[in-house]
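The values are calculated or read from the model by the stated rules, or taken from the named source; none is laboratory data. All of these numbers come straight from a predicted model, not from anything done at the bench. When we count neighbours, we look across all protein chains shown, and the Cβ atoms used for this are built from the backbone with ideal geometry, even at glycine. Protein only, heavy atoms only, side chains kept; ligands, DNA and RNA dropped before computing areas. Shrake-Rupley method; radii C 1.70, N 1.55, O 1.52, S 1.80 Å.
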Amino acid sequence: MITKDKINLDEVAASIVGAFPTLDVFEQRLSLELYSLLAAGEAVRRELLAERLHAQIESVNRTLNAWPGVFSDSHQRIVGYWGLSIRETYASPHRLTIEGRKLSAWCAWDTLFLPQLLGKNAEAESTSPPPAGMVRLLVTPIAVEHVEPADAHVSFLLPGAAELQRDIVTTFCHFVRFFPSRRTGEEWAVQHPGTFILSVAEAHAIARRKNEAQYGGVLGRSS
């Protein structure tokens, strides 16, 4: 049971990792390559993914088709994947700028775990549920360098595997938001059973635990 007074970061991270598919080394490489290509701001051809990985297109398609949270356009090019989308395809309250390119995140927490996986700095701007306001961050592959307002907090929800498989956006992402203060976050959480409030530092620590658990074998040691 998670309460505002008792939050075990390792338990939260383990719950999140357990709700997602376990990734073997090929799947880890595929996932990180897909993130990297999406961060360029263009829809990703599956053939390009296969080429980058020196893999058969059938293997790439079989893996992608089995994963939740993979969104494609009418040409089967990938436009959204596990927290990151081409800006034009998903209007989100969570906006990322990476190397000058505008992208959409699916939830507040995405802006905290994606920079490490991409190995790039990200400027994040997130609109809180009304009437709370705006939160801005600078997140590097290693740390959260800047948060405005300084007392910003994050709402969180422990995901379930079945719910994520069905619809990760509506069952998880919609409940993971930034708030300008703990007070505004807690007021919102009272109206949304199952959610709880974390500091940005706590949410970032969970993000790094999740990344290491999912991708530890292939993540760059510099992160």
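Within the span defined as segment 83-100, one or more residues are free of Cβ contacts under 8 Å to residues at least 24 places away in the same chain, assigned to a helix (DSSP H, G or I) and either among the acidic types (Asp, Glu) or touching a helix residue (DSSP H, G or I) at 6+ places or on another chain (Cβ under 6 Å) (or both). Among the criteria (1) in contact with a Phe, Trp or Tyr (Cβ under 6 Å, 6 or more places away or on another chain); (2) touching a residue at least 60 places away in the same chain (Cβ under 8 Å); (3) among the β-branched types (Val, Ile, Thr), the one Val139 does not fulfil is (1). Only residues that are open to solvent by 10 Å² or more (accessible area, probe 1.4 Å), closer than 25 Å to Ala50 by Cβ and of a type in the set (Ser, Thr, Tyr) were counted in segment 82-100, giving 2. What do you reckon, is Glu11 open to solvent by 40 Å² or more (accessible area, probe 1.4 Å), closer than 20 Å to His75 by Cβ, free of Cβ contacts under 8 Å to residues at least 24 places away in the same chain and out of contact with any Phe, Trp or Tyr (no Cβ under 9 Å at 6 or more places or on another chain)? The answer is no for Glu11.
Of all residues in segment 136-187, which are aromatic (Phe, Trp, Tyr) and either open to solvent by 60 Å² or more (accessible area, probe 1.4 Å) or part of a helix (DSSP H, G or I) (or both)? Walk me through how you get there before you give the answer.
Taking segment 136-187 and keeping what is aromatic (Phe, Trp, Tyr), we get 156, 172, 175, 178-179.
Residue satisfying the conditions is Phe175 alone.
Against the test of being aliphatic (A, V, I, L, M) and either open to solvent by 10 Å² or more (accessible area, probe 1.4 Å) or over 19 Å from Asn211 (Cβ atoms) (or both), the options Leu37, Leu103 yield a single qualifying residue, Leu37.
Restricting Val135, Val144, Val139, Val60 to residues that are within 24 Å of Val12 (Cβ to Cβ) and out of contact with any Ser or Thr (no Cβ under 9 Å at 6 or more places or on another chain) narrows the list to Val144. When segment 117-133 is filtered for residues that are open to solvent by less than 60 Å² (accessible area, probe 1.4 Å) and more than 30 Å from Leu30 (Cα to Cα), the ones remaining, listed by number, are Thr127, Ser128, Pro129, Ala132, Gly133. Counting only residues that are part of a helix (DSSP H, G or I) and open to solvent by 40 Å² or more (accessible area, probe 1.4 Å), segment 50-81 holds 8 of them.
Screening segment 200-221 for residues that are open to solvent by 30 Å² or more (accessible area, probe 1.4 Å) and among the small types (Gly, Ala, Ser) and picking the one that is nearest to Met134 (Cα to Cα) gives Ala201.
Please find, among Arg183, Arg209, the residue that is of a type outside the set (A, V, I, L, M, F, W, C), over 16 Å from Ala108 (Cβ atoms) and without any contact (Cβ under 8 Å) to a residue 24 or more places away in the chain.
Matching residue, one of Arg183, Arg209: Arg183.
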